[in-house]
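Please read through the structure below; I'll follow up with questions.
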Amino acid sequence: MSAEGFVPLFRSDAGFNLIFLQVGLKSFKPIHLSGHRADGLVIVFVVDHINSEYVRLQADGVEITTAIETEPWGERFFQVTDPNGVVFQLVQWMTDQAA
């Protein structure tokens, strides 16, 4: 477990990462689900156009759990939550030019 409270597992030839978060991590979003149901399970999909995906999912009637945010390290994301409490996070990694 890293000092930041997570362990990422990834492969350069895979289209996804697996991230394990420490239980009770203060930066977990959405905060109201922290420690409940799926206990920190977040499934992350990396996308090329985060704004387009946000608009598309809203238009399809998907309830957005966490609106688009941009973290200082370049992670631009939003989240939706399924009925079991599993959080799905869509991420676009921003470059200096795109941020």
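Please treat every number below as a calculation from the coordinates, not as lab data. Nothing here was measured: the structure is a model prediction, and the numbers come from that model. Positions of Cβ are generated from backbone atoms using ideal geometry, with glycine treated the same way; all protein chains shown enter the neighbour counts.
Classify segment 6-93: rounded, prolate or oblate, from the alpha-carbon gyration tensor (a ≥ b ≥ c, eigenvalue square roots; a/c under 1.5 rounded; otherwise prolate if a/b is larger than b/c)? It would help to have the intermediate numbers written out before the result.
Details: a/c = 1.57, a/b = 1.09, b/c = 1.44.
Judged from the Cα gyration tensor, segment 6-93 comes out oblate (a/c at least 1.5, b/c at or above a/b).
What's the FRET efficiency of PHE20 with ILE64 using the Cβ-Cβ distance as r and R₀ = 22 Å, to the nearest 0.05?
After rounding to 0.05, the efficiency reads 0.35.
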